[in-house]
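The structure appears right after this line, and notes come after that.
The values are calculated or read from the model by the stated rules, or taken from the named source; none is laboratory data. Computed from a predicted model, the values in this text were never measured in an experiment. Virtual Cβ from ideal backbone geometry, glycine too; neighbours counted across all protein chains shown.
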Amino acid sequence: MKLSTLLAAIVLAGVAVAAQAPAQQPRPAAPAAPAGNADNGKKLFVSYGCYQCHGYEAQGSSATGPRLGPRPIAFAAVVRYVRAPTGQMPPYTDKVLPEKDLADIYAFLQSRPAPKPVDSIPLLK
């Protein structure tokens, strides 16, 4: 059998299998974050000491902790990481940081303004 004939047979077999496979279901949307109070979240961000590694505006630092705002990861991912972090961050159990407080902190992170574009900063031109 020629190599081109063999390749054509493999491609056709793959197309036939793909045609028989059931269509993949779309992923369900991640649940939205609970409503939170950004003003209270800012106070909690400071009182729980988050600012010490992430900065007062959640801007982060390569030396201390990652940027958290203005577009934080999904709320469910934040909860998972805060409860069982993999880095140097201490864990915050539900007893220490209730989910309602975490929702307020998340609202604060979402409320952070986006940074200015680099080309809009005169010193960088």
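Things to note:
- Pick from the range 111-125, criterion in a loop (DSSP other than H, G, I, E, B) and hydrophobic (A, V, I, L, M, F, W, C), ranking: farthest from residue 38 (Cα to Cα): 121
- Qualifying residues in the range 76-110 (those that are assigned to a loop (DSSP other than H, G, I, E, B) and hydrophobic (A, V, I, L, M, F, W, C)) - the one nearest to residue 42 (Cα to Cα): 97
- The single condition among (1) assigned to a loop (DSSP other than H, G, I, E, B); (2) surrounded by 11 or more Cβ atoms within 10 Å (Cβ to Cβ); (3) at pLDDT below 95 that residue 28 does not meet is (2).
- Residue under evaluation residue 41, criteria (1) of a type outside the set (Phe, Trp, Tyr); (2) at pLDDT below 95; (3) not in a loop (DSSP other than H, G, I, E, B), criterion not met: (2)
- Considering residues of the range 78-106 that are without any contact (Cβ under 8 Å) to a residue 24 or more places away in the chain and basic (Lys, Arg) only, the residue surrounded by the most Cβ atoms within 10 Å (Cβ to Cβ): 83
- Applying a threshold of 9 Å to beta carbon distances and a minimum spacing of six or more residues, or different chains, the list of pairs starting in the range 61-75 at a residue that is surrounded by 15 or more Cβ atoms within 10 Å (Cβ to Cβ) and of a type in the set (D, E, K, R) and ending at one that is outside any loop (DSSP other than H, G, I, E, B) and at pLDDT 95 or above reads 67/54.
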